[in-house]
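Input: a single structure, listed below in structure tokens.
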Amino acid sequence: GLQYPERLNCVAELVDAAIAKGWGERTALVGANERWTYRNLLDRIDRIAHVLRRDLKLVTGNRVLLRGANCPMMAACILAVQKAGLIAVPTMPLLRAAELGKIIDKARVDAVLCATALRAELDALDQCPPVLLFGDAADAQALDALMRRHGEPFDAVDTSADDVCLISFTSGTTGVPKGTMHFHRDVLAICDCFPPHVLRSRLDDVFIGTPPLAFTFGLGGLLLFPLRVGASAILLEKLTPESLLAAIEQHRATVCFTAPTFYRQMAPLAARHDLTSLTRTVSAGEALPLATRDAWREASGLDMIDGIGATEILHIFISAAGADIRPGATGKPLPGYQACILDKDGQRVGPGVIGRLAIKGPTGCRYLADPRQRQYVRDGWNLTGDAYEMDADGYFYYRSRTDDMIISAGYNIAGPEVEEALLRHPAVAECGVIGRPDEERGQLVEAHVVLKAGFEPSDALVCALQDFVKQQIAPYKYPRSVKFRDKLPRTETGKLQRFKLRDEALE
Ligand code: 3UK
């Protein structure tokens, strides 16, 4: 297993150690307008850490809320908070004042570091802890001005391996957001798991992708993983499928992290770009449909690395790469993690039976002051909200979210299976399949379909799509209702918001 010293500061291990390993002059972070070496990054981190401790007078264990799109300065702020023995509370760029207010209360935030471009939602709050702005702020309280006064090195605060260094909020769809707490050793544990065992990341890798640093998928994939091996990360905001392809080409990126829909949208545009630098592409956040895996392989020549992760577990815990990939399966538990499938009573089931996925490993769920902890973790097993199935060789197959399983006329139907079938049709760009309340059947399978350019909605197309599904999977699973729409509701992290489709169905 993974063994770390009792006293541990993850940033000392990731950044100070990088200099000691001789990587000081290597490129660490590249933004839209800047390129920082590891030494430059260390310098920024140390200056910010001094500001936090000396100017803001924060003390060990204080919590610092962070707001910013992906850029080197946002990365430096997160790492500086942790190096200073404080707890980073990164927030998704698109959150509104009401949501930020809840997070500030819940996490008992003591100070805020915020990119100027995102200040408006903080200004809208009735009550807010002290804020320092970074970026092009003319404000007297600007972080940049304070940083200039502190040139001396900052010694990492001597934290314990199991001191909290990160509170990450789940993109909860309803109610009070759930904060998940992670330790300094958890940060290193994820760096020493997926990257060496599945991704095989190396010193000369160039990481790129879309997930925000405020989402642990992005924090790991676009910051912590590259730093651990002396690689570099390209941190860009507002990426589109087209601009990500252009950036991969421009920066000769080798590793890409994004969500399945992004790969699906990039595939038809890929031929216009030189993607020969890319050697590994990672998909996570939601299920990877086979049609998307195939489209991406045809466009890029690469076999996608699928991986399921969760904010509660910090990062990816089931995945596969290369010869280990089994189409349709997410993969196997990563070294150090165990996985099993449980029935409704919490009993383990064997291969071929669908049930709730449970996970045990070096990282796991610690909700911040939330009674839901007792439901999520039992006997050290993390009970995810995912319906999975295992095969005799220990591969794990995603079926649906447990609360998204459609029950129609007594049949259990997994929406993603119907989506996967629809996505193979040449007219379908994107789709989402839900159960719509129905008197006769309990729920009715309903598909929400976005058409590719050049296709028009029609009754004939509805029938064609229905027949197309019936040819591929058991006919009772076909969508009895098909609705065409311009786009699907998605979160900032690329997840389809099925509850929005369901709510609409009730209107
Ligand atoms: C779903 C997947 C099928 C699944 C995340 C990588 O997504 C991340 O964290 P969240 O807390 O959501 C967790 C839930 O998302 N999911 C994620 N990946 C897959 N479903 N196949 C996948 N490959 O329902 C899971 O329970 O937002 C992903 C790394 C870090 C993360 N936080």
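Just so you know, all these numbers are worked out from the coordinates, no wet-lab data involved. Predicted, not measured: the structure shown is a model, and the values here were computed from it. Backbone-built Cβ (ideal geometry, glycine too); neighbour counts: all protein chains shown.
Per the Kirkwood definition applied to all pairs of different Cα atoms, how many angstroms is the hydrodynamic radius of the range 198-276?
This gives a value of 12.7 Å.
Multiplying the sequence separation of Ser481 and Thr170 by 0.36 nm and subtracting their Cα-Cα distance, what value in nm do you get?
Fully extending the segment from Ser481 to Thr170 adds 108.8 nm.
Can you give me the relative contact order of the chain as a percent, contacts being Cα pairs under 8 Å and 6 or more apart?
Relative contact order of the chain: 10 percent.
For a quick check: with amide H placed at 1.01 Å from N, whose amide H comes under 5 Å from Trp23's, ignoring anything fewer than 5 positions away on the same chain?
Under 5 Å from the amide H of Trp23: no residue qualifies.
To make sure I understand the rule: partners must be lysines, Cα under 17 Å from the Cα of Lys57, and not fewer than 8 residues away in the same chain. Which ones qualify?
Filter leaves Lys83.
Would you please give the residues with an amide H less than 5 Å from that of Ala28, counting only those at least 5 places away or on a separate chain, with H modeled from the backbone geometry?
Those qualifying (amide H under 5 Å, at least 5 residues apart or on another chain) are Trp36, Thr37, Tyr38.
For the range 411-446, list residues with backbone N below 12 Å from a point placed 7 Å from the Cα of Ala464 toward its Cβ?
Inside the label zone: 425-428.
Could you check the spin-label model distance between Glu504 and Glu249? Points 7 Å from the Cα along Cα→Cβ, value in nm.
Simple spin-label model gives 3.4 nm for this pair.
Hey, got a sec? Which trypsin sites (Lys or Arg not before Pro) in the range 419-507 land in a DSSP loop and have at most 10 other Cβ atoms within 10 Å?
Taking the range 419-507 and a limit of 10 other Cβ atoms within 10 Å, the loop trypsin sites (Lys or Arg not before Pro) found are Lys487.
Determine the gain in length on full extension of the stretch Glu152-Ala474; use 0.36 nm per residue of separation and subtract their C-alpha separation, reporting nm with one decimal.
Here the segment from Glu152 to Ala474 would lengthen by 109.2 nm.
For the range 199-207, what does the Karplus curve 6.51 cos²θ - 1.76 cosθ + 1.60, with θ = phi - 60°, yield as ³J(HN,Hα) per residue in whole Hz, taken in order and with x for Gly and Pro?
Working through the residues one at a time gives 6, 6, 6, 9, 3, 8, 6, 10, 8 Hz.
Just to confirm my numbers, what's the Cα centroid distance between the range 291-344 and the range 216-278 in Å?
Taking the Cα centre of the range 216-278 as reference, the centre of the range 291-344 is 18 Å away.
Short version: ³J(HN,Hα) in whole Hz for each residue of the range 103-109, in order, from phi by Karplus 6.51 cos²θ - 1.76 cosθ + 1.60 (θ = phi - 60°), x for Gly and Pro, what are they?
Here the 3J(HN,Hα) series is 5, 4, 5, 4, 8, 6, 5 Hz.
Hey, got a sec? Which GluC sites (Glu not before Pro) in the range 372-462 land in a DSSP loop and have at most 10 other Cβ atoms within 10 Å?
Numbers: sites: Glu389, Glu417, Glu419, Glu420, Glu430, Glu439, Glu440, Glu446; in loops: Glu439, Glu440.
Filter output for the range 372-462: Glu439, Glu440.
HN-Hα J couplings of the range 2-11 from phi, Karplus 6.51/-1.76/1.60, θ = phi - 60°, integer Hz, Gly and Pro as x?
So the J values, rounded to whole Hz, are 8, 10, 10, x, 4, 9, 7, 10, 4, 6.
Give the separation of the Cα centroids, the range 418-478 to the range 61-87, in Å.
The distance from the Cα centre of the range 418-478 to that of the range 61-87 comes to 44 Å.
Counting only Cα, what are the radius of gyration and maximum Cα-Cα distance Dmax of the chain, in Å?
Final numbers for Rg and Dmax: 23.0, 72 Å.
What is the angle, in °, between the Cα long axis of helix 38-50 and the longest principal axis of the Cα atoms in the chain? Nearest 10 is fine, range 0 to 90.
Approximately 70 degrees, to the nearest ten.
Suppose R0 equals 51 Å; then what is the FRET efficiency for Thr276 and Glu439 from their Cβ-Cβ distance, rounded to the nearest 0.05? Could you put the intermediate results ahead of the total?
Working: r = 56 Å, r/R0 = 1.10.
The computed FRET efficiency comes out at 0.35.
DSSP loop (so not H, G, I, E, B), at most 16 other Cβ within 10 Å: list which trypsin sites (Lys or Arg not before Pro) in the range 245-279 pass both filters.
Arg252
Taking H placed 1.01 Å from N in the peptide plane, check which residues at least 5 places from Ser160 or on another chain put their amide H under 5 Å from its amide H.
Leu8
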